[in-house]
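Since the structure comes first, as structure tokens, the remarks are kept for the end.
The values are calculated or read from the model by the stated rules, or taken from the named source; none is laboratory data. On a predicted model such as this, the values are computed, not experimentally measured, just so you know. All Cβ positions, even for glycine, are placed from backbone atoms using ideal geometry, and neighbour counts span all protein chains on display.
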Amino acid sequence: MQSRARIDWVVLGVLVLIWGSAFAGLKIAVGGIHPFWVSAFRLWVAAFTLWIVAASRGEQLPAFTPDRRSLWLPYGLMGLVGFAAPFFMFSTAAASLPSAVNAICNGASPVFTVVMAHFFLGDERMTARKGMGVALGFAGLLTLVAPRLLSGVAIESVALGLAIAAAALYGASNIIMRRIPPVSSTVGGLMMCLSGAVFATIGALVMAGPPPMPPLWPLVVTLLLGVFSSGLGTVGWVWLIQRRGAVFTSMTVYLLPLWATLIGVGLMHERPAWTAFAALTLILTGVGLTTARGRRGAQS
């Protein structure tokens, strides 16, 4: 039993490492590749990685049909809302924001999930504790945004808005996943990444045109993001949820921004303002309050 628990903690730690490091990777990637194409390349690599995993398990994609009952419709929507759009937003924001600030915004996604669940999921109504957590989470976001707005730094304000909107889309994708038919975790991830890659490529062609030959190092980082963060990270995330449940896996939300901040400060030589650390504290406290009831339920 102890060895099994140790493996679970190792997988959790690996997820925190690869997802938290992804924000620093984005900062490097968009330094040589247009943010739109970073998202598209990353999703194609992730789809190819998941295809290899699915093939090794003998799993196949469902047939693509125009029928309204086709699984491709809901999973294609997830590819847009949960992958292509937020990837584009975080990639664009990475060009102007410190990677740590980008990660802190991402940490607020459970707060958006709680708000949306109140309106769209009958079994997830808002409580006083959750309401306090939501208030603290949004106070943290306001702490991040207000100094930029007051100082008139328009580019950073827009970048923050994109990062926060991406976190909101992640929240929406959590709600959508509760309402779509379940399939194999690998096949579902492959369908979402493949659909997201198509959407991202169309958007990149329309808004940025064909990509030039990218520099080597940003291209390598983008490939690594696709393989580990978007591809294998998805497999590990689903494996851990199936093995230990969503509550245990949700600890990545607490640890990811902390690790991303350490990477940004220690390796990227970023110096976030004190407001970023205050926002991180408020957001993580808010997330803790919104998930407190779920932890007790899982332990009983």
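Consider Leu150 carefully, then state whether it is in a helix (DSSP H, G or I), modelled with pLDDT of 90 or more and either closer than 29 Å to Glu59 by Cβ or out of contact with any helix residue (DSSP H, G or I) (no Cβ under 9 Å at 6 or more places or on another chain) (or both).
Spelling it out, it is not the case that Leu150 is in a helix (DSSP H, G or I), modelled with pLDDT of 90 or more and either closer than 29 Å to Glu59 by Cβ or out of contact with any helix residue (DSSP H, G or I) (no Cβ under 9 Å at 6 or more places or on another chain) (or both).
Can you work out which of the residues in the stretch 263-283 that are in a helix (DSSP H, G or I) and more than 20 Å from Ala167 (Cβ to Cβ) is farthest from the chain's Cα centre (by Cα)?
Once the filter is applied, the top-ranked residue is Trp274.
So, in the stretch 92-140, exactly how many residues are of a type in the set (A, V, I, L, M) and outside any helix (DSSP H, G or I)?
Counting residues in the stretch 92-140 that are of a type in the set (A, V, I, L, M) and outside any helix (DSSP H, G or I) gives 5.
How do the pairs read when you match residues in the stretch 185-203 that are at negative phi and assigned to a helix (DSSP H, G or I) with residues anywhere that are surrounded by fewer than 21 Cβ atoms within 10 Å (Cβ to Cβ) and not hydrophobic (A, V, I, L, M, F, W, C), using Cβ under 6 Å and keeping only pairs 6 or more apart or on different chains?
Thr186/Glu59; Val187/Glu59; Ser195/Gly76
So which residues in the stretch 72-87 are closer than 18 Å to Val45 by Cα, of a type outside the set (Gly, Ala, Ser) and surrounded by fewer than 24 Cβ atoms within 10 Å (Cβ to Cβ)?
Scanning the stretch 72-87 gives Met78, Leu80.
For the stretch 125-138, check the following and say yes or no: at least one residue is in contact with a His (Cβ under 7 Å, 6 or more places away or on another chain), over 23 Å from Ile180 (Cβ atoms) and surrounded by fewer than 23 Cβ atoms within 10 Å (Cβ to Cβ).
yes
Search the stretch 12-50 for residues being more than 22 Å from Val198 (Cβ to Cβ) and more than 17 Å from the chain's Cα centre (by Cα), and hand back the single one that is surrounded by the most Cβ atoms within 10 Å (Cβ to Cβ).
Ile28
How many residues are closer than 16 Å to Met268 by Cβ, touching a Gly at 6+ places or on another chain (Cβ under 9 Å) and of a type in the set (Gly, Ala, Ser) if we restrict to the stretch 95-123?
Total satisfying the criteria: 4.
Scan the stretch 215-243 for residues that are buried (at least 18 other Cβ atoms within 10 Å of the Cβ), more than 25 Å from Gly76 (Cβ to Cβ) and modelled with pLDDT under 90 and jot them down.
Correct list: Leu240 only.
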